[in-house]
Amino acid sequence: MTRHRPDRAAGKRGSRCAVMLAAAVLLTTPASAQSGGDGFLFSQPSGTVTFRTGFDHARAGSELFAFTTDRLTVDRGDFSGGTIAGDVSIRLSGRTDVMISVAHSQAQSRSEFRHWLDNAGLPIEQTTTFRRVPLTGSLRAYLVQPGHTIGHFAWVPARFSPYIGAGGGVMWYRFAQAGDFIDFNTTRVFPDAFSSSGWTPTVHGIGGVDISLHPRFALTTEARYEWGRAELSSDFAGFDRLDLSGFTVTTGISIRY
């Protein structure tokens, strides 16, 4: 029986194939694996995208709010409501961001005149809606470094990163009432709808904290106070400017990019 010697050429070809396969695996590693590691990123983030939700407490300090709460069965707190918001920030330096934000809050209350009934002895009812949509820009400064670099290839986020900031922008608002009302000169009850809406400038201050959950994600809690007033339409002639100021507290998720 003749014994065959191993094919050395075939062995060499197998080794070369193994090397080429290993190189191919390294070259085709997903980009996500190159952008982050166990508790760190391979570079400092360029900014964040944040989605927040919470509660917007309206100050409701102008004459129209006082008139409404005096005549109708609503309180100042009824003009406050839930809010949703979103931010996109761009890192300017290690501890400073510029941030663009948009939010939406709305409160709607059914009411009736406090001391009046219609001719049938029934309540005189209406619905009041108050909506605010601020579009703002802010300069945000972290009180500590939001992360630190290790060597040349690793960036580790800080566990807690408190920040403060300020800015301004514009706000779209709508104040509307629809239902039955009283003509106090004749005591006649009539159906009608009144509204005022438009844009007005605003300024604000913010304070918050990022709590790191992952190299890419953080829990963000923010408090914001916004100042703004707007001229009312002819439907509310005789009242001073509408108070749009309010204090907002929100919590959401920030995504580092």
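The values are calculated or read from the model by the stated rules, or taken from the named source; none is laboratory data. Predicted model only: the values in this text are computed from it and were never measured. Neighbour counts run over all protein chains shown; Cβ positions are idealised from the backbone, glycine included. Note: accessible area is taken over every heavy atom of the protein model, side chains too, but ligands, DNA and RNA are not part of it. Shrake-Rupley method; radii C 1.70, N 1.55, O 1.52, S 1.80 Å.
Observations on the model:
- Some residue of the range 62-80 being within 26 Å of SER233 (Cβ to Cβ), open to solvent by 40 Å² or more (accessible area, probe 1.4 Å), assigned to a strand (DSSP E or B) and modelled with pLDDT of 95 or more: no
Condition check ((1) outside any strand (DSSP E or B); (2) surrounded by fewer than 14 Cβ atoms within 10 Å (Cβ to Cβ)) across all residues:
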residue: PRO201; (1), (2): no, yes
residue: ILE206; (1), (2): no, no
residue: VAL209; (1), (2): no, no
residue: HIS214; (1), (2): yes, yes
residue: ALA218; (1), (2): no, no
residue: GLU222; (1), (2): no, no
residue: GLU226; (1), (2): no, no
residue: LEU232; (1), (2): yes, no
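Here's the yes/no breakdown for (1) farther than 21 Å from TYR142 by Cβ; (2) in contact (Cβ under 8 Å) with a residue 12 or more places away in the chain:
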position: VAL156; (1), (2): no, yes
position: PRO162; (1), (2): no, yes
position: ARG174; (1), (2): yes, yes
position: PHE184; (1), (2): yes, no
position: VAL189; (1), (2): yes, yes
position: GLU222; (1), (2): no, yes
position: ARG241; (1), (2): yes, yes
position: SER245; (1), (2): yes, yes
position: THR250; (1), (2): no, yes
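- Count of residues meeting criterion [within 17 Å of SER80 (Cβ to Cβ), of a type outside the set (Val, Ile, Thr) and assigned to a strand (DSSP E or B)] in the range 234-257: 4
- Criterion (within 23 Å of the chain's Cα centre (by Cα), part of a strand (DSSP E or B) and on the phi < 0 side of the Ramachandran plot) met by exactly one of VAL156, VAL189, VAL170: VAL170
- Residue selected from the range 98-125 under the condition of a type outside the set (Gly, Ala, Ser) and touching a Pro at 6+ places or on another chain (Cβ under 9 Å), by the criterion least open to solvent (accessible area, probe 1.4 Å): PHE113
- Count of residues meeting criterion [aromatic (Phe, Trp, Tyr), assigned to a strand (DSSP E or B) and within 28 Å of ILE211 (Cβ to Cβ)] in the range 105-153: 1
- Candidate set: the range 166-176, residues that are open to solvent by less than 20 Å² (accessible area, probe 1.4 Å) and not aromatic (Phe, Trp, Tyr); chosen: the one nearest to THR128 (Cα to Cα): ALA176
- Hey, LEU139 farther than 17 Å from THR83 by Cβ and over 18 Å from the mean Cα position of the chain (by Cα) or not: no
- Search result, residues across the range 26-61 that are open to solvent by less than 40 Å² (accessible area, probe 1.4 Å), hydrophobic (A, V, I, L, M, F, W, C) and either modelled with pLDDT of 95 or more or not in a strand (DSSP E or B) (or both): ALA58, ALA60
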